[in-house]
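The values are calculated or read from the model by the stated rules, or taken from the named source; none is laboratory data. If you're wondering where the values come from, they're calculated on a predicted model, not measured in any experiment. A quick note on method: Cβ atoms are made from the backbone with ideal geometry, for glycine too, and the neighbour counts reach across all protein chains shown. Note: areas computed on protein heavy atoms with side chains; ligands, DNA, RNA excluded. Shrake-Rupley method; radii C 1.70, N 1.55, O 1.52, S 1.80 Å.
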Amino acid sequence: MQNQTTPLVLTFGVSDPVGALGIQADLAACAAQGCHALTVATSILIADSARVEDVQEIDPDWVMDQARVLLEDMPVAAFKVGALSSAEQASAIAEIVSDYNDVPLILDPFLSSLPDSGLLDEDMVSAIRQILVPQASLLMVSQVELARMAETWREGSEAAALGENVAEIIASGCEYVLVTSASTAAGAPCNKLFDRDGLRAEIEWQALPGPFIGAGSTLSAALAALMARGHEAAPAVRLAQEYTTGALAHAQRFGMGKLVPNKFFRAVQAGAGMTPSTSQPDHDN
């Protein structure tokens, strides 16, 4: 018997029967990057490829116990925290990851495909910002999600510039913020990576015909796996975006709904002797 050598990524998120979102998607995306995902369910979805019809929250104690048993048995090289259902879950996960300060934490806590993405829950948004964001190696949010998070610390209704909101997040302890679905000065769509010194990277992408489900989950899971393998944030973002592009370019329609990213497109291409795609994706969840 060989000792485990594949990096392990512990991922928290929804359980999706389609496999387009959440922990099932993380399993595939991590495997495609040479990692093995350990999964902790935060909720169970009733869903097909067109929509999520309902969500059943997992008790926070069960969330904690799922992770505790795994962490007592094996070492992990990265954490990914996806969509949560309550402030209590955020508190439970924050307590768990606080014991592993040297392990990268990729935080992608909002999922637009859910009936309630979590942005309407003031307590949960505040808990994520106050106790999970400060521990994160990288927070991945859209501009809309970042603006909603900013409402938890700003007084009045005046909105702040993107850079100001990012600076507040970085000041709380988060190392990097990846803002998705942004735009360049020329108006081209891009994802922007920030650190304590400001804008670190601006990665343009070209929208592909969809609609897709699970693009954002694919991107954040690939990021977690690449950082588990030792990549720094900036190169990991570029590699993860290139990988997500290919998964979207080779997406599959399983039923009558949206296209599902093909996370194993490289294996299919390798078998067919093809060259991987290098165009850029639309990263909507």
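Set the Förster distance to 51 Å, then compute FRET efficiency between Ser126 and Asn3 from the Cβ-Cβ distance, nearest 0.05.
The value I calculate is 0.75.
Lys and Arg at +1, Asp and Glu at -1: add these up for the other residues within a Cβ distance under 12 Å of Gly255 and post the number.
Once all neighbours under 12 Å are counted, the net charge is +2.
From the backbone phi of the range 251-266, what are the Karplus-calculated ³J(HN,Hα) couplings (6.51 cos²θ - 1.76 cosθ + 1.60, θ = phi - 60°) in whole Hz, Gly and Pro given as x?
After applying 6.51 cos²θ - 1.76 cosθ + 1.60, I find 4, 10, 9, 6, x, 9, x, 7, 7, 9, x, 8, 6, 10, 4, 5 Hz.
Looking only at Thr39, Thr152, Thr245, which one moves most when the chain is put into a Gaussian network model with springs between Cα atoms under 10 Å?
Of Thr39, Thr152, Thr245, the most mobile in the Gaussian network model is Thr152.
Which parts of the range 110-154 would a label at Glu164 reach, counting a residue when its backbone N lies under 16 Å from a point 7 Å out along Cα-to-Cβ?
Correct set: 146-154.
Full extension from Thr184 to Ser172: what is 0.36 nm times the residue separation minus their Cα-Cα distance, to one decimal in nm?
1.7 nm
If the rule is a partner Cβ under 4.7 Å, which cysteines in the chain fail it?
If one checks each Cβ against the other cysteines of the chain, Cys174, Cys190 turn up with nothing under 4.7 Å.
Which loop-located chymotrypsin sites (Phe, Trp or Tyr not before Pro) does the range 1-79 contain, where loop means any DSSP state but H, G, I, E or B and the Cβ has at most 10 other Cβ atoms within 10 Å?
none
Please give me the summed charge of the neighbours of Ala224: other residues whose Cβ is under 12 Å from its Cβ, Lys and Arg +1, Asp and Glu -1.
Taking every Cβ under 12 Å from that of Ala224, the sum is 0.
For the chain, set up a Gaussian network in which alpha carbons nearer than 10 Å are linked by springs, and say which option among Ala92, Ala47, Ala160 fluctuates the most.
Ala160
Measure off, as a whole percent, the carbon and sulfur share of the 1.4 Å-probe accessible area of the range 14-163, all protein chains present.
Carbon and sulfur together cover 49 percent of it.
Indicate, rounded to the nearest 5 percent, the antiparallel portion of the DSSP beta bridges found entirely in the chain.
45
Taking each pair of different alpha-carbon atoms in the chain once, compute 1/r for the pair, average those values, and report the inverse of that mean as the Kirkwood hydrodynamic radius in Å to one decimal.
18.8
Who wins for biggest fluctuation among Leu132, Leu105, Leu199 in a Gaussian network model of the chain, springs between alpha carbons below 10 Å?
Result for the chain, Cα springs under 10 Å: Leu199 fluctuates most.
Over the chain, average the accessible area per residue using a 1.4 Å probe and give it in Å², no decimals.
Dividing the accessible area of the chain by its residue count gives 44 Å².
Taking θ = phi - 60°, what integer Hz values does the Karplus form 6.51 cos²θ - 1.76 cosθ + 1.60 yield along the range 202-212, in sequence order, with x for Gly and Pro?
Ordered by residue, 3J(HN,Hα) equals 10, 10, 6, 9, 10, 4, 9, x, x, x, 10 Hz.
Could you run the Karplus curve 6.51 cos²θ - 1.76 cosθ + 1.60 with θ = phi - 60° over the range 75-91 and give me ³J(HN,Hα) per residue in whole Hz, x for Gly and Pro?
Coupling constants for the range 75-91: x, 10, 9, 6, 10, 10, 10, x, 5, 10, 10, 7, 5, 5, 5, 4, 5 Hz.
Suppose a student asked you for the relative contact order of the chain, using Cα pairs under 8 Å spaced at least 6 residues apart; what percent would you report?
Relative contact order here is 18 percent.
In nm, to one decimal, how far is the modelled label at Arg51 from the one at Glu95, with both set 7 Å along Cα→Cβ?
Here the modelled spin labels are 3.7 nm apart.
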